[in-house]
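The values are calculated or read from the model by the stated rules, or taken from the named source; none is laboratory data. Remember, predicted model here, so these are calculated numbers, not experimental data. A quick note on method: Cβ atoms are made from the backbone with ideal geometry, for glycine too, and the neighbour counts reach across all protein chains shown.
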Amino acid sequence: MPRPGFVLEVDRSTPPALIWHGEGFRLERLPAERSRIVYAPEPLAPLPDPDAAIRAALLNPLGDRPPLPELLRPGMRLTIAFDDLSLPLPPMRRPDNRQRVIEAVLDLAADAGVDDVVLIAALGLHRRMTEAELRHALGDRVYDAFAPSGKLLQHDAEDPKGLVMLGKTDLGEDVEVNRRVAESDLLVYVNINLVAMDGGHKSTSTGLMSYKSVRHHHNVRTLQHSRSLMDRPHSELHSSAWRIGRLLNQHVKVFQIETTLNNDAFGSQLAFLQKREWEWGLRDRASFMAASRGVELLSPRARRSLFQSVLAPHQMTSVHAGEVEVVHEATIANLHRQQVVDVEGQSDVVIFGLPHVGPYNVGSIMNPLLVMCLGLGYFFNMYIGKPLVRPGGVVILSHPTPWAFHPVHHPSYIDFFEEVLASTTDPAEIEKTYEERFATDDWYRHLYRTSYAYHGVHPFYMWYWGAHALEHASSTVIVGGNRRAVRRMGFRPASTLADALEMAEDQVGRDPTITYFRCPPLMLARVE
């Protein structure tokens, strides 16, 4: 049996803690007797036969859905949608969960004589996937069978001919969905639940909708009132996504398939990253020294290339299929089984070491806006109940935060950072003054539709993602970041962690209590 997550109260005998710093990591000694370190649970044992488990889930669905073969018939229009490249993180070794599930669905469809089958990457407002990325997610057999015939599509949230308005929710939220999905006899959605925020109705209400729909749950008010994006009952984002998804389900029959992974994120060469520091053996210490010194010798571009090539040995721990909401509850229970760590009380200061990759810089650059989103949007929200830091506390992030942007993937980010943040950092003012212009800009729309750019509005959502944290904490300090970039975002730069902790005392008083959230591997703090 795996050990549960572990909370270590730091004392003078505690070894230094490993802290991620982008494409690198360092050892830092935390102040004794007022600090604690939250460690992730160890990886759960994987399913012994994932393919057999998938088939069993398709034949024994949850909720009011019959077995999948009973929903398949000759002459029907079957659409299979799947999560895009934003997860899992790091990308998993082949075969990907999506490949395994889609192959099983296609086998049943072939047995039933279904000829009209289309696959759709549920991009939402994300960038298009490359051929290599699609092949990695789907496998060569599926890609070669569907791509040449034009039956492998990528959702286009700006295609006027490819969208259809189904109506509005009770609260007036537009439900404008991919036309192929709306006109299908059955939608099979294939999801990987890496974090508790994903899956359920959010899969379709984000991945297969237009900007008109997504804006209803990706806005400042909604995100400020989401008391943890990882805790659906207390998330306004999810309340909106559920309303939109339920209306979609009135028009389209949806068969949801969700899988979970263990948190085995690093291979043998980086195995020390999975272990608590006092458990490191001689080989682990040698690996840390070699890795940390080695990356220091590389250029930033070479470091990015090296770390982006890392594939995780994640393995499947559960699979459920059937009616969306029942499936999702079973999925979340399994995800909690892997990720939840019980933590007692909040602290004055919380420290997050940010790794090299987040959902929106796969194969790309972790630009300053993505640093903000990963730290204040994702890591800050990795809790159930209360945030790890008290109201008015201080958040410390560790990341190089380069003033650097991928010109193909993030063109509107460049203008947002140069123009918008130079004027204001207030999310509400940004939304009111600038969002519509970026969201409807013809050039950004063209790049989103024909190149590999995120939607023009995407940097706004990255900023809004941290809206709850910006209200909750008194300040954010970034250790080791480009000082101009950090200040442009309204944060405070620090050269070292010791400097950052000293700066935090200006806000919370002397001898603050400190929590270091040692993530990755992924975990979810249940704060009592």
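Identify the residue in the range 88-110 that is over 25 Å from L125 (Cβ atoms) and hydrophobic (A, V, I, L, M, F, W, C) and, among all such residues, is surrounded by the fewest Cβ atoms within 10 Å (Cβ to Cβ).
For the range 88-110, the residue satisfying everything is A110.
Looking at the range 77-87, which of its residues are crowded, with 22+ Cβ neighbours inside 10 Å and either assigned to a loop (DSSP other than H, G, I, E, B) or under 27 Å from the mean Cα position of the chain (by Cα) (or both)?
T79, I80, A81, F82, D83, D84, L85
Only residues that are in contact (Cβ under 8 Å) with a residue 12 or more places away in the chain and out of contact with any helix residue (DSSP H, G or I) (no Cβ under 7 Å at 6 or more places or on another chain): list them for the range 1-15, please.
Of all residues in the range 1-15, those in contact (Cβ under 8 Å) with a residue 12 or more places away in the chain come to 2-12, 14-15.
Of everything in the range 1-15, those that are in contact (Cβ under 8 Å) with a residue 12 or more places away in the chain and out of contact with any helix residue (DSSP H, G or I) (no Cβ under 7 Å at 6 or more places or on another chain) turn out to be P2, R3, P4, G5, F6, V7, L8, E9, V10, D11, R12, T14.
Just to check your reading of the model, which residue among A241, A286 is surrounded by 12 or more Cβ atoms within 10 Å (Cβ to Cβ) and touching a residue at least 24 places away in the same chain (Cβ under 8 Å)?
Selected residue: A241, the only one of A241, A286 that is surrounded by 12 or more Cβ atoms within 10 Å (Cβ to Cβ) and touching a residue at least 24 places away in the same chain (Cβ under 8 Å).
Looking at this structure, is R293 out of contact with any helix residue (DSSP H, G or I) (no Cβ under 9 Å at 6 or more places or on another chain) and at negative phi?
Details: out of contact with any helix residue (DSSP H, G or I) (no Cβ under 9 Å at 6 or more places or on another chain): yes; at negative phi: yes.
Yes.
Restricting attention to the range 380-406, and to residues there that are aliphatic (A, V, I, L, M) and part of a strand (DSSP E or B), which single residue is nearest to V357 (Cα to Cα)? Let's see the steps before the verdict.
Step one: filter the range 380-406 for residues aliphatic (A, V, I, L, M), giving 382, 384, 388-389, 394-397, 404.
Within this subset, residues satisfying the condition of being part of a strand (DSSP E or B) are 384, 389, 394-397.
On the way: I384: 23, V389: 24, V394: 23, V395: 20, I396: 18, L397: 15 Å.
Only one residue fits best here, namely L397.
Could you name every one of the helices (runs of 4 or more DSSP H) located completely within the range 409-528 that has at least 2 residues being surrounded by fewer than 22 Cβ atoms within 10 Å (Cβ to Cβ)?
Passing ranges, in order: 411-415, 427-439, 442-450, 467-472, 483-488, 497-508.
S292 - would you say it is surrounded by fewer than 19 Cβ atoms within 10 Å (Cβ to Cβ) and farther than 25 Å from I365 by Cβ? Break it down stepwise before answering.
Working: surrounded by fewer than 19 Cβ atoms within 10 Å (Cβ to Cβ): yes; farther than 25 Å from I365 by Cβ: no.
So S292 does not fit the description; no.
Restricting the range 57-76 to residues that are assigned to a helix (DSSP H, G or I) and within 28 Å of the chain's Cα centre (by Cα), which is surrounded by the most Cβ atoms within 10 Å (Cβ to Cβ)?
Out of the qualifying residues, it is A57.
Kindly establish whether V188 is at pLDDT 95 or above, part of a strand (DSSP E or B) and more than 24 Å from S86 (Cα to Cα).
no
With the requirement that a residue be closer than 17 Å to I120 by Cβ and hydrophobic (A, V, I, L, M, F, W, C), what does the range 209-225 give you?
M209, V214
Counting only residues that are under 30 Å from V101 (Cβ atoms) and surrounded by 12 or more Cβ atoms within 10 Å (Cβ to Cβ), how many does the range 5-51 have?
So the count comes out to 10.
Against the conditions (1) without any contact (Cβ under 8 Å) to a residue 40 or more places away in the chain; (2) touching a helix residue (DSSP H, G or I) at 6+ places or on another chain (Cβ under 8 Å); (3) hydroxyl-bearing (S, T, Y), where does T259 fall short? Just the number, please.
Tallying (1) without any contact (Cβ under 8 Å) to a residue 40 or more places away in the chain; (2) touching a helix residue (DSSP H, G or I) at 6+ places or on another chain (Cβ under 8 Å); (3) hydroxyl-bearing (S, T, Y), T259 fails exactly one: (1).
Name the residue that is farthest from F307 (Cα to Cα), counting only residues in the range 276-292 that are more than 30 Å from the chain's Cα centre (by Cα) and hydrophobic (A, V, I, L, M, F, W, C).
So, considering only residues that are more than 30 Å from the chain's Cα centre (by Cα) and hydrophobic (A, V, I, L, M, F, W, C), the one farthest from F307 (Cα to Cα) is L282.
Looking only at residues that are in contact (Cβ under 8 Å) with a residue 60 or more places away in the chain and part of a loop (DSSP other than H, G, I, E, B) in the range 156-174, which one is surrounded by the most Cβ atoms within 10 Å (Cβ to Cβ)?
A157
Can you tell me which residues in the range 291-339 are in a helix (DSSP H, G or I) and acidic (D, E)? Quick ask: steps written out before the conclusion?
As a first pass, look at the range 291-339 and keep what is in a helix (DSSP H, G or I): 291-296, 300-308, 324-339.
Those that are in a helix (DSSP H, G or I) and acidic (D, E): E296, E325, E329.
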